[in-house]
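The values are calculated or read from the model by the stated rules, or taken from the named source; none is laboratory data. Bear in mind that the values here come from a model prediction, so they are computed numbers and not experimental data. In this analysis, Cβ positions are derived from the backbone assuming ideal geometry, glycine residues included, and neighbour counts consider all displayed protein chains. Protein only, heavy atoms only, side chains kept; ligands, DNA and RNA dropped before computing areas. Shrake-Rupley method; radii C 1.70, N 1.55, O 1.52, S 1.80 Å.
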Amino acid sequence: MKSPLLSLPGAVPGEGPDEGVAAHYGDLFREQRTLADGTGFVDLSHRGVVTVSGADRLSWLHLLLTQHVSDLPPGQATEALILSTHGHIEHALYLVDDGETTWAHVEPDSQGELIAYLESMKFFYRVDIADRTEDYAVVHLPAGSITDAPEDAVVRETPHGRDLFLPRERLTAFAETSGPPIGVLAYEALRVEAHRPRVGLETDHRTIPHELGWIGSAVHLQKGCYRGQETVARVQNLGKPPRRLVFLHLDGSEVALPSHGAPIRLASEGEEGRQLGFITSSARHHELGPIALALVKRNVPVDAELIADSTAAAQETVVEP
């Protein structure tokens, strides 16, 4: 969905998975500093919004998700995954329950596939599933923000800030009273800095939760009975994930950032060496310079100098090998 805030002065449209909202409003680094200081808001109205209501909603979701949600208190935020039968990540849901309805925002344009799966699993449970993307827009307020959430917004509060499920017709009025708008590129740069994975960027068709550090934050190891749980338990108890997420400091002398999917090789082997992984996300950070997340083979030495496409890269461990 195309955001009305793209008509604001200086707005430059986003691309790829963030098409439909502003990438920036004319000054990327200023917007990053503003967001890091706890000011402004980020328009994430392109994200999908799904709700589940009904008396059985939490106990039913508990059977489908990787997270323990059967006793989720109203107002407490959590995140959860939906896995394939082989344990590969299909969806990440960013959840909050308001006492009557469970709200989730998901990757743009993924809500249709998610709802189709949820509908197929309803059986006799008393649940109602709805796509609320046309009615509600997601807005992010950074940690420390003093902006008040409108009374008709559903609030999901996390250590990284507050996500508001805001009636879509209120989006323009909210922007007029809520501080400077911040583009999604600034939001993404701080996400990369915080090592937070994103489905569709940090994942491919065979990614499992252990590879991205999602164990604990999105996967509860003391519950079972969900699709893909056998893989999670087997890797946790008996094996090691084949790949691991790393954070990269990129050579700042390069003009272009390595794109999603750019190959990772050992610097000692050069650009003709064997591929050991790939870039998942890259960004220009207001303090750290060019940075990236990458998925590499587990046995890549943690102190190895790497090369991303043609850019030198020093790694920091996110997921232990």
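Miscellaneous remarks
- For the chain, leaving out every one of the chymotrypsin sites (Phe, Trp or Tyr not before Pro) that falls in a DSSP loop and has at most 11 other Cβ atoms within 10 Å, the longest unbroken run is 125-321.
- Sum of side-chain charges, Leu118 neighbourhood, beta-carbon under 11 Å (Lys, Arg +1; Asp, Glu -1): -2
- For the chain, with all protein chains in place and a probe radius of 1.4 Å, 50% of the accessible heavy-atom surface sits on carbon or sulfur.
- Heavy atoms of Arg162: accessible area, 1.4 Å probe, square angstrom to 10: 40 Å²
- Where the chain is the region considered: accessible area per residue in Å², 1.4 Å probe: 44 Å²
- Taking max minus min of the alpha-carbon positions on each principal axis, the chain gives extents of 59, 52, 29 Å, largest first.
- Pairwise centroid distance, computed over Cα atoms, of the stretch 1-32 with the stretch 258-316, Å: 27 Å
- Placing a pseudo-label 7 Å from each Cα along the Cα-to-Cβ vector at Glu169 and Glu19 gives an inter-label distance of 2.9 nm.
- According to the Kirkwood relation over distinct C-alpha pairs, the hydrodynamic radius of the stretch 164-278 is 18.0 Å.
- With all pairs of different C-alpha atoms in the average, the Kirkwood value for the hydrodynamic radius of the stretch 31-87 is 14.4 Å.
- Under-5 Å amide H pairs with Val319, H placed in peptide plane, nonlocal only: Leu245
- Projected label distance in nm at Asp56 and Leu8, using a 7 Å step from Cα toward the beta-carbon: 4.3 nm
- Accessible area (Å², 1.4 Å probe, nearest 10) - Lys240: 130 Å²
- Under 18 Å of direct C-alpha separation, and excluding same-chain neighbours fewer than eight residues apart, Lys297 reaches these lysines: Lys240.
- Summed over qualifying helices (DSSP H, 4 residues or more, each -39500 (n - 2.57)) and divided by its residue number, the chain shows a 222 nm mean residue ellipticity of -5000 deg cm²/dmol.
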